[in-house]
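The values are calculated or read from the model by the stated rules, or taken from the named source; none is laboratory data. Given the structure is predicted, the values throughout are model-derived calculations rather than measurements. Reconstructed Cβ throughout: ideal geometry from the backbone, glycine too, with neighbour counts over all protein chains shown. Accessible surface is based on the protein model in full, side chains and every heavy atom, while ligands, DNA and RNA are left aside. Shrake-Rupley method; radii C 1.70, N 1.55, O 1.52, S 1.80 Å.
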Amino acid sequence: MNGLKINPLISVLAIVVGLLPIAHVSLAHEGWMPSKYSPEDAHEPSPLPDRVVLTWEDDPATTQSVTWRTDTSVKRGVAEIALASANGRAMKPDAVQAVTTLFESDINDAHYHSAIFRDLQPDTLYAYRVGDGENWTEYYHFKTASDRARPFSFIYFGDAQNDVRTHWSRVFREAFRDSPRAAFTLHAGDLIDVQNSDAEWGDWHQGPDWVNATIPVIATPGNHEYRRVNEGSRAFRYWSSASGETIEVTMTGFEEVDTDAGKVYQISLIGPWFTMGSLELNDGGRIIKVDEGVLEISGFTEEVLLGSSIYKPPLQDRQREPGEPAVTTHWRPQFAFPVEEGIDETLKETVYVIDYQGTRFISLNSNEATESQIPWLRSVLEDNPNRWTVVTFHHPVFSPASDRDNAELRNLWKPILDEFKVDLVLNGHDHTYARTGQVDASALLNVPTGYQQAYDPNIGTVYVVSVSGPKMYEITKGSYAKRVAEDTQLYQIIDINDKSLRYRAFTATGALYDAFTLEKRRGQPNRLIEALPAESRRQ
Ligand SMILES: [Fe+2]
């Protein structure tokens, strides 16, 4: 190396002189302690658009909807769109006026703006930006769907729900890196934990960030996107006692404690005859601690109560005046999904159909009015020109945890899914992974009625439960499934063409965890081809 020679004395002096200001600065900050930046500040809207998200409320081949948020100083939203050009300054955009609505969240007031681009050319790359005429986002790209069946991929996520910023963002980003040209992302409910928490929704938008502005979102609501309207006080509860009676219990204290294993809820209460008690729940609602008072009030022993879900037998905790369910007020302002005819008003934009390049995607709402959705479901399955059909809703048809069975839902909807041989059903809710396939049914013990035929080769529907966030439950009856996982955050990439559907599940660290292919056969059910090595799956 041709040396640049520096006098050693000069270098020592330079270091000492250079360090002096640093030493001074660090001494001045010695007593400093960090303080939490408030959610109000962290998620405050401004005149600059944020939470930009693409969805479809109409045909993906000729339309594209976009929604964004600003502060309330922005009275009118505008979206500009042009054919994408390699010469950006040559683009001549058309302007589309947005519909602007005031949204009052738990921590701020904002304006949500929703615009729809219409009369687009199929299979075409567009550039668009949103703003108010003075303050604009950058130009984003999106590509319209082809108007005929063409190969495409999409990404499916089970529940994100908890610690979304900390622990879900990396899952989304890993999925995007694996499938950067995905046609859309599909979210099977419980995107967040507390339905009306604007900070949680802000975190959900921040993980995908600009990707939601370039790859559309399809989402179905989970129980955590649900609230109660016209309800009584949540402190007033009913329990079932050991003697079979319904007893009145009143919560007097509720504390949320963060632990390494997730949140713990400490609850104090008063039962009949002013008997006081206390218990602790984990973040899955299971009882992890009870005192003498709770044993006296309920009549159950500690052994019976510990580990059970408070919402299920034996205690069956429930609100005395539960009111009616309703989707979070965030849902409709921030997502524009198809508004279907023939369903209850309360289900609008949660129950819908989107056809994408030869595949019909159906979102059902498993949180309310499940029976009322049947005629609509039947109509969109009967009159379906697409080769493939994928149905998504939050609560699983087959749950791998023994106390989380949704027998009523299965009895209502599965006969129709069977009748029309739906190809794939994507669920969430259970915070585990379980995917149906051909297993030895004679080995199935202790599973509810119907699980013996969880995969029926004469029908061919594959059912999946998955989880993308960090909250994890236990598997207690996974023997019906071909592939299961506990304690694993996952994302799924699904590639569809006219002959086959390739499904792959990946762990949050990008390792292939599950894989199969469905082969479409004329006049016959799909052929399910397992694609993992034999030692990696149940026989
Ligand atoms: Fe859920």
How do 348-360, 424-436, 499-511 rank on mean C-beta neighbours within 10 Å, highest first? 424-436, 348-360, 499-511
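Past the 23 Å Cα-Cα mark, which pairs from Lys421/Lys482; Lys312/Lys471; Lys482/Lys520; Lys421/Lys520; Lys36/Lys289?
Lys36/Lys289, as the Cα separations exceed 23 Å there.
Quick check: residue separation of Ser402 and Lys421 times 0.36 nm, minus the Cα distance between them. What number comes out in nm? Could you put the intermediate results ahead of the total?
Values: separation 19, 0.36 × 19 = 6.84 nm, distance 2.65 nm.
Between Ser402 and Lys421, full extension yields an extra 4.2 nm.
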Could you list the residues of the range 234-275 with an amide nitrogen less than 16 Å from a label point located 7 Å from the Cα of Glu321 in the Cα-to-C-beta direction? 234-238, 249-251
Would you mind calculating the gained length between Lys263 and Ile288 on full extension (0.36 nm times residue separation, minus the Cα-Cα distance), in nm to one decimal? 7.8 nm
Carbon + sulfur, % of accessible area of the chain - ligands and nucleic acids excluded, 1.4 Å: 50 percent
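Suppose all protein chains stay in the model; what accessible area per residue would a 1.4 Å probe give for the chain, in Å²?
On the way: 25570 Å² over 539 residues.
On a per-residue basis, the chain sits at 47 Å².
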Label-point separation, Asp41 to Glu134 (7 Å along Cα→Cβ), nm: 2.6 nm
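Shape of the range 178-327 from its Cα gyration tensor (a ≥ b ≥ c, root eigenvalues): rounded if a/c is under 1.5, otherwise prolate when a/b > b/c, or oblate?
Prolate, since a/c reaches 1.5 and a/b exceeds b/c.
If I take R0 = 45 Å and measure r between the Cβ atoms of Thr301 and Leu125 in this structure, what FRET efficiency does the formula 1/(1 + (r/R0)^6) give, to the nearest 0.05? Intermediate results must be reported in sequence, preceding the final value.
Numbers: r = 66 Å, r/R0 = 1.46.
Efficiency computed from Cβ-Cβ geometry: 0.10.
Please give the FRET efficiency for Arg148 paired with Glu535, using the beta carbon to beta carbon distance and R0 = 45 Å, rounded to the nearest 0.05.
Details: r = 41 Å, r/R0 = 0.91.
With a Förster radius of 45 Å, E is 0.65.
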